[in-house]
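For reference, the structure is listed below as structure tokens.
The values are calculated or read from the model by the stated rules, or taken from the named source; none is laboratory data. What you see is a predicted model, and the numbers here were worked out from it, not measured in a lab. Quick reminder, even Gly has a Cβ in these numbers, built from the backbone with ideal geometry, and neighbours come from all protein chains shown. Areas reflect the complete protein model, heavy atoms only, side chains present, ligands, DNA and RNA absent. Shrake-Rupley method; radii C 1.70, N 1.55, O 1.52, S 1.80 Å.
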Amino acid sequence: MPDIDKATQTELEAAAFRRLVEHLRSRHDVQNIDMMNLAGFCRNCLSKWYRAAAEEKGLPLTDPEAREIIYGMPYKEWQAQYQKEASAEQKAKFAVSGQGQH
């Protein structure tokens, strides 16, 4: 592995994060429950981690503000446009996984 200084590492991580957010914004077909069932996190988790990081830096950020950063629009707007009702199978898988416990 190449020797990467801390500043460059942070820049690379930030670039990867921006790419992830861009990708999630473009994949409206991927529902949060599917992400939770497969990967154990979703857009909402990412927004909570973002808010927590901001708070660690002394920057107050509300959950709605953090969600808007991740979703690229107000969360309620995203829900209205893209969120579908979860199927019984999705809900059952989510319940068994225990993902809703974090």
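Details
- Ordering 32, 86, 21 by Cα displacement along the dipole of segment 1-88 toward the positive end leaves 86 in first place; charges were set at the Cβ atoms of Lys, Arg (+1) and Asp, Glu (-1).
- Across the alpha-carbon set of segment 50-98, the Rg to Rh ratio works out to 1.14, Rh being the Kirkwood radius.
- GluC sites (Glu not before Pro) within the chain, DSSP loop, no more than 12 other Cβ atoms inside 10 Å: 85
- Taking 1, 36 and ordering them by how much accessible surface each has at a 1.4 Å probe, largest first, produces 1, 36.
- Under the Karplus curve 6.51 cos²θ - 1.76 cosθ + 1.60, θ = phi - 60°, whole-Hz ³J(HN,Hα) for segment 75-87, x wherever Gly or Pro sits: 4, 4, 5, 4, 4, 4, 7, 10, 6, 10, 5, 5, 6
- Lysine-lysine proximity count for the chain, Cα under 22 Å, sequence distance 8 or more or distinct chains: 8
- Cα-projected label distance for residue 14 with residue 62, points at 7 Å along beta-carbon direction, nm: 2.7 nm
- With all protein chains in place and ligands, DNA and RNA left out, the 1.4 Å accessible area ranks 46, 12 as 12, 46, largest first.
- Its Cα centre serving as origin, the chain has a Cβ charge dipole (Lys and Arg +1, Asp and Glu -1) of approximately 260 debye.
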